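Here the structure is laid out as structure tokens; the discussion comes afterwards.
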Amino acid sequence: MIKNLLSAADLDLDSATLVLDTATEMAAMASREVKKLPTLRGRTVVNLFYEDSTRTRVSFETAAKRLSADVINFSAKGSSVEKGESLKDTALTLQAMGIDGVVIRHPASGAPTTLSQWVDGSIINAGDGTHEHPTQALLDAYTMRSRLGQLKGLRVTIVGDVLHSRVARSNMLLLNTLGAEVTLVSPPTLVPVGARDWPAKLSYDLDAALPDSDVVMMLRVQRERMTEAYFPSTREYARRYGLDVRRLGLMPEHAIVMHPGPMIRGMEIAPEVADSPRSTIVEQVANGVSVRMACLYLLLGGRSL
């Protein structure tokens, strides 16, 4: 049983499967005329975002409102944070207001874990530094299962800026728990120290990995986190690690293409590939609402994880 969702490693096989199964039930609501459940009526959820992220924040806000929760959106810009207020003081303010759950995105790795020491309500990590993004991993796993029928034994190749990617870390941990085989493909300069000890294979050759992949997940090149030149040019990166039409042809016919977004078309992924029937990028956004509804439901109002 867990109170908070801080890392994909918090989930064992049973609890991860419970989230995915619950998300399937939540997804069935999308076709209804009235898309609301009364489960979290009277509960207050705070979206505490210290970084810009329209996609994730709106997804969590939609999920909470569909469960009838009261939602407060907190942005660091224009708040007391710009006047010097610490995370602890913000947490104590929220605690005094009696909030039930906090969804936090923060540029510092470990901030959600620290926040959980000061707030009684449940904490959900919506991305912390270069550490983790567990709900993104859950929605990615849900998308894979929906498209391919199962997760156990799937061969998933994650391509790109692994060094700065919290998505890569969370996906690797969760998919390993769910029985999938993960291969990380990246330029040598964008591989973290100690990556060879992770529960994943490591490769620098994208063309060699594609024929054995059931899922190819492209990562965004996170220039805003880069302080040095990690590759010669965007053209060179696209030539070596971009997913174009030729490389799509190297993949098995059943294989799917994923991207957590926002994507850089023409660099990480060709427009023809991003818009192809084998792409799940739009599905991932839709599935994110169902998965986050499942997480909020299980942590704040339903069966405990």
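The values are calculated or read from the model by the stated rules, or taken from the named source; none is laboratory data. Because the structure is a prediction, the values reported are computed rather than measured. As a convention, Cβ positions derive from the backbone with ideal geometry for all residues, glycine included, and neighbour counts pool all protein chains shown. For accessibility, only protein heavy atoms count, side chains too; no ligands or nucleic acids. Shrake-Rupley method; radii C 1.70, N 1.55, O 1.52, S 1.80 Å.
Overview of values
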read-out: Entirely in the stretch 226-299, the helices (runs of 4 or more DSSP H) that have 1 or more residues that are within 19 Å of ALA208 (Cβ to Cβ) and touching a residue at least 60 places away in the same chain (Cβ under 8 Å); value: 234-241
read-out: Selection status of VAL185, open to solvent by less than 20 Å² (accessible area, probe 1.4 Å), touching an Asp or Glu at 6+ places or on another chain (Cβ under 6 Å) and under 21 Å from VAL273 (Cβ atoms); value: no
read-out: Residues of the stretch 263-280 classified as out of contact with any strand residue (DSSP E or B) (no Cβ under 7 Å at 6 or more places or on another chain) and at pLDDT below 95, total; value: 4
read-out: Considering residues of the stretch 264-305 that are out of contact with any Ser or Thr (no Cβ under 7 Å at 6 or more places or on another chain) and of a type in the set (Ser, Thr, Tyr) only, the residue surrounded by the most Cβ atoms within 10 Å (Cβ to Cβ); value: SER290
read-out: Strands (runs of 3 or more DSSP E) lying entirely in the stretch 65-166 (those with 3 or more residues that are over 26 Å from PRO187 (Cα atoms), of a type outside the set (D, E, K, R) and open to solvent by 10 Å² or more (accessible area, probe 1.4 Å)); value: 70-75
read-out: In the stretch 231-255, the residues that are open to solvent by 30 Å² or more (accessible area, probe 1.4 Å), modelled with pLDDT under 95 and either under 14 Å from THR157 (Cα atoms) or charged (D, E, K, R) (or both); value: ARG235, GLU236, ARG239, ARG240
read-out: Those residues of the stretch 148-168 which are over 19 Å from ARG292 (Cβ atoms) and touching a residue at least 60 places away in the same chain (Cβ under 8 Å), in sequence order; value: LEU148, LEU154, ARG155, VAL156, THR157, ILE158, VAL159, GLY160, ASP161, LEU163, HIS164
read-out: Residues of the stretch 171-221 that turn out to be among the aromatic types (Phe, Trp, Tyr) and on the phi > 0 side of the Ramachandran plot, as a count; value: 0
read-out: Whichever residue in the stretch 2-21 is of a type in the set (Val, Ile, Thr) and within 18 Å of LEU175 (Cα to Cα) and, among such residues, is least open to solvent (accessible area, probe 1.4 Å); value: VAL19
read-out: Lone unmet requirement of (1) open to solvent by less than 50 Å² (accessible area, probe 1.4 Å); (2) in contact with a Lys or Arg (Cβ under 9 Å, 6 or more places away or on another chain); (3) within 25 Å of LEU138 (Cβ to Cβ) for LEU206; value: (3)
read-out: Residue under evaluation LEU37, criteria (1) of a type outside the set (D, E, K, R); (2) open to solvent by 50 Å² or more (accessible area, probe 1.4 Å); (3) assigned to a loop (DSSP other than H, G, I, E, B), criterion not met; value: (2)
